[in-house]
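Visitor: Dumping the structure here so I can ask a few things about it.
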Amino acid sequence: MKTYRDHLDRKLGDKEFSRVFQSEKRRLRIAYEIREARLKNGLTQKELAAKAGVTQQMLSRVENAATPNVTLNTISQICSALGMDVGLVPPVKTA
């Protein structure tokens with residue numbers, strides 16, 4: 001029986017699938033990190049959006065990775081309101 005990991009490894013051999021997969025993985029990581037930082041700071045979406053100068057709807061779309069073309073400026077505003085910087089980090093290794 002093949003496992004999900006076996007299936008994923010096979011699919012990642014396709015360059016186009018791998019490119020799209022990695023792009024989506026990055027968007028999800030940004031969304032996760034922003035949401036976790038917001039919760040850690042005890043803020044609601046509405047409160048953080050006001051501090052960041054974005055709408056609550058935009059913040060929700062960012063946290064749900066539902067905005068495919070969110071700008072770096074928007075991410076920077078949100079991170080700044082959280083007391084964080086935007087930076088490059090090594091990829092998270094998957095098993």
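Visitor: Just name one of 28, 77, 52: the one whose Cα is farthest towards the positive end of the charge dipole of the chain (beta-carbon charges, Lys/Arg +1, Asp/Glu -1).
Guide: 28
Visitor: Over 29 Å between Cα atoms, which of 25/51; 2/93; 2/25; 46/93 qualify? Could the numbers behind the result be given before it?
Guide: Values: 25/51 27 Å; 2/93 21 Å; 2/25 23 Å; 46/93 33 Å.
Result: 46/93 exceed 29 Å.
Visitor: I would also like to ask the following. Using the Kirkwood formula over every pair of different C-alpha atoms, what hydrodynamic radius in Å results for the range 4-81? Present the calculation step by step, with values, prior to reporting the outcome.
Guide: Working: mean 1/r = 0.0735 Å⁻¹.
Hydrodynamic radius (Kirkwood, Cα pairs) of the range 4-81 is 13.6 Å.
Visitor: Let me ask you something else. Please tell me the relative contact order of the chain in percent, rounded to the nearest whole number, where contacts are Cα pairs under 8 Å and at least six residues apart. Before the final figure, lay out the partial values.
Guide: Numbers: 56 pairs, mean separation 22.3, N = 95.
About 23 percent, as a whole number.
Visitor: Can you give the net charge of the other residues whose Cβ lies under 12 Å from the Cβ of residue 45, counting K and R as +1 and D and E as -1?
Guide: Numbers: positive: 35, 38, 46, 51, 61; negative: 47, 63.
Here the charged neighbours net out to +3.
Visitor: Extension gain residue 4-residue 26, at 0.36 nm per residue separation less the Cα-Cα distance, in nm? Mind dumping the intermediate values first?
Guide: On the way: separation 22, 0.36 × 22 = 7.92 nm, distance 2.02 nm.
Additional length available on full extension: 5.9 nm.
Coordinate-derived values only; no laboratory data. Remember, it's a predicted structure, so these values are computed and weren't measured experimentally. All Cβ positions, even for glycine, are placed from backbone atoms using ideal geometry, and neighbour counts span all protein chains on display.
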